[in-house]
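Undergrad: To start, I am sharing the structure in question, which I have written as C-alpha cells.
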Amino acid sequence: MDNCIFCKIAQKQIPGKVVYEDDVCLAFLDLSQVTDGHTLVIPKAHYSSILDADPEVVAHVYKTAQKLAQQIVKNCGAQGCNILTNAGEVAGQTVHHFHVHIIPRYDEHDGLTLAFKDRSQEVDLDDILNCVTK
Ligand code: AMP
Ligand code: ZN
C-alpha cells in the first residue's frame with residue numbers, strides 16, 4: 001500500500017532494526033521501546049488490522065510472535081511479556097497495517113500499565129452472551 005510506513009519497512013524502502021524475517025513476515029524493534037526489547041511482528045502483505053487479515057497469515061504471524069517472545073524474554077532477562085494487537089483507532093491503533101506487539105515485562109514498575117476494570121457487578125452476562133453470539 002502506498003504511504004503505509006510498515007509496507008515501506010517490509011519492502012526495505014525505509015530502515016528498521018530487523019529481528020527476524022521470512023517469506024511471510026518481518027519482525028523489527030518498535031521505535032518507542034515501551035520496554036527494552038519491544039518488538040513488532042508484521043505480515044509483509046498489507047492488511048489494515050487483524051480484523052481483515054487472512055487467517056493463515058494471522059496464524060503465521062502469531063506463531064512467529066510466540067517463538068520470538070520466548071527468545072526475547074530469555075535473552076533480555078524479562079520475567080514475562082504482553083503479546084497484543086490493536087485493531088481500530090478506538091483500540092489505540094495508530095499504524096493501520098496489522099502488527100503484533102511483543103512487550104517484554106521486567107517488573108510491575110517497568111512503565112506499562114494495562115488496566116482491566118472489573119465490571120462484573122454492573123453487567124448482565126446473559127445479555128452480553130446473547131449479543132456476542134447472535
Ligand atoms: P499501534 O498503536 O498498535 O498502531 O502501534 C504502532 C507502533 O508502531 C507504535 O508503538 C510506534 O512506536 C511504532 N512505530 C511507528 N513507526 C515506526 C517505525 N518507523 N519503526 C518502528 N516502529 C514504529
Ligand atoms: Zn502496509
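The values are calculated or read from the model by the stated rules, or taken from the named source; none is laboratory data. If you're wondering where the values come from, they're calculated on a predicted model, not measured in any experiment. Here the Cβ is made from the backbone with ideal geometry for all residues, glycine too, and neighbour counts use every protein chain on show. When the accessible area is computed, the model is the full protein with side chains, heavy atoms only, and any ligands, DNA or RNA have been set aside. Shrake-Rupley method; radii C 1.70, N 1.55, O 1.52, S 1.80 Å.
Undergrad: What number goes with the only condition from (1) away from ligand 1 (no atom under 13 Å from the Cβ); (2) touching a His at 6+ places or on another chain (Cβ under 8 Å); (3) without any contact (Cβ under 8 Å) to a residue 60 or more places away in the chain; (4) open to solvent by 60 Å² or more (accessible area, probe 1.4 Å) that Met1 does not pass?
TA: That leaves (3) as the condition not met.
Undergrad: Could you say whether any residue in the stretch 25-32 is within 15 Å of ligand 1 (Cβ to nearest atom), part of a loop (DSSP other than H, G, I, E, B), within 25 Å of Gly80 (Cβ to Cβ) and open to solvent by less than 50 Å² (accessible area, probe 1.4 Å)?
TA: Yes, the stretch 25-32 contains at least one residue that is within 15 Å of ligand 1 (Cβ to nearest atom), part of a loop (DSSP other than H, G, I, E, B), within 25 Å of Gly80 (Cβ to Cβ) and open to solvent by less than 50 Å² (accessible area, probe 1.4 Å).
Undergrad: Answer yes if at least one residue in the stretch 87-97 is part of a strand (DSSP E or B), within 11 Å of ligand 1 (Cβ to nearest atom), hydroxyl-bearing (Ser, Thr, Tyr) and under 26 Å from His109 (Cβ atoms), and no otherwise. Talk me through it step by step, then tell me what you get.
TA: Applying the first criterion (part of a strand (DSSP E or B)) to the stretch 87-97 yields none.
No.
Undergrad: To continue, here is another question. Out of the stretch 46-55, which residues are more than 16 Å from ligand 1 (Cβ to nearest atom) and either open to solvent by less than 50 Å² (accessible area, probe 1.4 Å) or modelled with pLDDT under 95 (or both)?
TA: Result: no residue meets the conditions.
Undergrad: Name every residue in the stretch 5-53 that is away from ligand 2 (no atom under 14 Å from the Cβ), of a type in the set (Asp, Glu) and over 13 Å from the mean Cα position of the chain (by Cα), in order of residue number.
TA: Hits for the stretch 5-53 are Glu21, Asp22, Asp23, Asp36.
Undergrad: Let me ask another. Name the residue, out of Ile9, Ile42, Ile103, that is part of a strand (DSSP E or B), over 22 Å from Ala115 (Cβ atoms) and open to solvent by less than 20 Å² (accessible area, probe 1.4 Å).
TA: On the way: Ile9 fails: part of a strand (DSSP E or B); Ile103 fails: over 22 Å from Ala115 (Cβ atoms).
Just a single option satisfies the conditions, and that option is Ile42.
Undergrad: Another one. Just to be sure I understand, how many residues within the stretch 106-134 are open to solvent by less than 100 Å² (accessible area, probe 1.4 Å), farther than 22 Å from Leu31 by Cβ and among the acidic types (Asp, Glu)?
TA: 3
Undergrad: Has the stretch 56-65 got at least one residue that is open to solvent by 70 Å² or more (accessible area, probe 1.4 Å) and in a strand (DSSP E or B)?
TA: No, the conditions are met nowhere in the stretch 56-65.
Undergrad: Can you say whether Ile83 is open to solvent by 60 Å² or more (accessible area, probe 1.4 Å), more than 16 Å from ligand 2 (Cβ to nearest atom), touching a helix residue (DSSP H, G or I) at 6+ places or on another chain (Cβ under 6 Å) and hydrophobic (A, V, I, L, M, F, W, C), as far as the supplied structure shows?
TA: On the way: open to solvent by 60 Å² or more (accessible area, probe 1.4 Å): yes; more than 16 Å from ligand 2 (Cβ to nearest atom): yes; touching a helix residue (DSSP H, G or I) at 6+ places or on another chain (Cβ under 6 Å): yes; hydrophobic (A, V, I, L, M, F, W, C): yes.
Yes, satisfied.
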